[in-house]
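Right, one structure below, let's go through it.
The values are calculated or read from the model by the stated rules, or taken from the named source; none is laboratory data. Just so we're clear, the structure is a prediction, and the values are computed from it rather than from any experiment. Note: ideal-geometry Cβ built from the backbone for every residue, glycine included; neighbour counts use all protein chains shown. What goes into the accessible areas is simple: the full protein's heavy atoms, side chains included, and nothing from ligands, DNA or RNA. Shrake-Rupley method; radii C 1.70, N 1.55, O 1.52, S 1.80 Å.
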Amino acid sequence: MTTHNIVSVSGGKDSTATLLAALALDVPNLRAVFADTGNEHEQTHEYLEYLEEVTGIPITRVKADFTHQIAGKRKFIETKWREQGVEEQVVLAALEALQPTGIPFLDLCIWKGRFPSRKAQFCTMELKRDPMLEQVLMPLMGRGDMLISWQGVRADESLNRRYLSECDEVGGGLFNYRPILKWDIPAVFEAHRYMGIKPNPLYSQGMGRVGCMPCINCRKDELREIALRFPEVIDRIDRWERLVQQASKRGAATFFAGSNAKHPKGSISDMTALEVMEIANIRQAVEWSKTVRGGIQYDLLMASDQNACSSSYGLCDSEWEPINMSEAA
Ligand code: SF4
């Protein structure tokens, strides 16, 4: 029986520490997998190349493809939306927007006609878990081999993760293994130091999490840093908001706003599409991120909970306070 050790990496500190733990243990058939959402900063891709080079471990890139779902949505719009009496100009705009771009994050949102949110965090499953399962794990299952899926999850990140076990059996020879479950953040960086591996440089540029930039769970100060250092990222999200808005039946889609969000003007769900876009678009969110307290209250938009991204799979980088990198190097 062959044992395959497969580490999910995001470019963040926890998954890197997990890869380093596997490397230190010299486990057989070690490989790493990265799910490319198309919403990562270039420095994360460069960091993955660096990791491959310094560890000698190949990193398989997987990508979700929503071509079929988008084609299905087009058919649905052409028939059902028209039957439902949706305005013809909304139908035509949606049909124009519903074209696969090859950027998984954008295509997912175009298909859904909305961005993910904390309450509907479908991005982790659709963009990360499923492509890894379908493209890497499932083809290896059912052959009588043992597959160990190494996940960089720590118990102190969230309630969801606190009660996870270090190892559990999924079936078909697949096991989840969470070797850093009991580690704290200093231990994670200690692993980097011990193995002579630099952390993702985005951590020293004000980012509390790396992976998607921005993540839907992005903090206020992190958004401010992104806008300051990487204004092209905000421009890109601005373009994406317009496209997803076009594909949305409601005619509104903002990167951060949740449907039940509250605003001084009332509940977002009671506003017209244009009103929502006007107060909650990415540029407004950036303006709000520059306020200290008492700015227009956009707290509706953002995750303030440090543990907001609490998927038990450890596929997205977890939140932490940016540190002085001289402490981490
Ligand atoms: S990093 Fe954030 S935005 Fe990206 S898939 Fe994970 S939760 Fe979603």
Taking a probe of 1.4 angstrom, what is the accessible area of Val170 in Å², to the nearest 10? 80 Å²
For the chain, what is the mean residue ellipticity at 222 nm derived from helices alone (per DSSP H run of n ≥ 4: -39500 (n - 2.57); sum divided by total residues; nearest 500 deg cm²/dmol)? -10500 deg cm²/dmol
With every protein chain present, what accessible area does Arg229 have (1.4 Å probe, heavy atoms only), rounded to the nearest 10 Å²? 110 Å²
Measure of exposure for Arg162: accessible area at 1.4 Å probe, Å² rounded to 10, is 120 Å²
Working from Cα positions, state the angle (0 to 90°, nearest 10) between the long axis of helix 67-76 and the longest principal axis of the chain. 30 degrees
Kindly express, to the nearest 10 degrees and within the range 0 to 90, the angle between helix 88-97's C-alpha long axis and the longest C-alpha principal axis of the chain. 30 degrees
Can you list the lysines whose alpha carbon is less than 30 Å from that of Lys182, not counting same-chain residues fewer than 8 positions off? Lys13, Lys119, Lys128, Lys198, Lys220
How long is the gain from Ala120 to Arg236 if the chain were fully straight, where each residue apart is worth 0.36 nm and the alpha carbon distance is subtracted? 39.6 nm
So if I average 1/r over every pair of distinct C-alpha atoms in the chain and take the inverse, what Kirkwood radius in Å does that give? 20.9 Å
How would you classify region 154-259 from its alpha-carbon gyration tensor, with a ≥ b ≥ c the square roots of the eigenvalues: rounded for a/c under 1.5, else prolate if a/b is greater than b/c, otherwise oblate? oblate
Cα convex hull volume per residue for region 1-74 (Å³): 112 Å³
Tilt of helix 220-229 relative to the longest C-alpha principal axis of the chain, in degrees (0 to 90, nearest 10)? 90 degrees
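Taking 0.36 nm per residue of sequence separation and subtracting the Cα-Cα distance, how much length would be gained by fully extending the chain between Glu287 and Arg143, in nm to one decimal?
Full-extension gain reported as 46.4 nm.
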Pop out the ³J(HN,Hα) list for region 241-246 in order, Karplus 6.51 cos²θ - 1.76 cosθ + 1.60 with θ = phi - 60°, rounded to Hz; leave Gly and Pro as x. 4, 5, 5, 5, 4, 4
With the crude spin-label approximation of a point 7 Å out along Cα→Cβ, what separation in nm comes out for Tyr163 versus Thr60? 3.3 nm
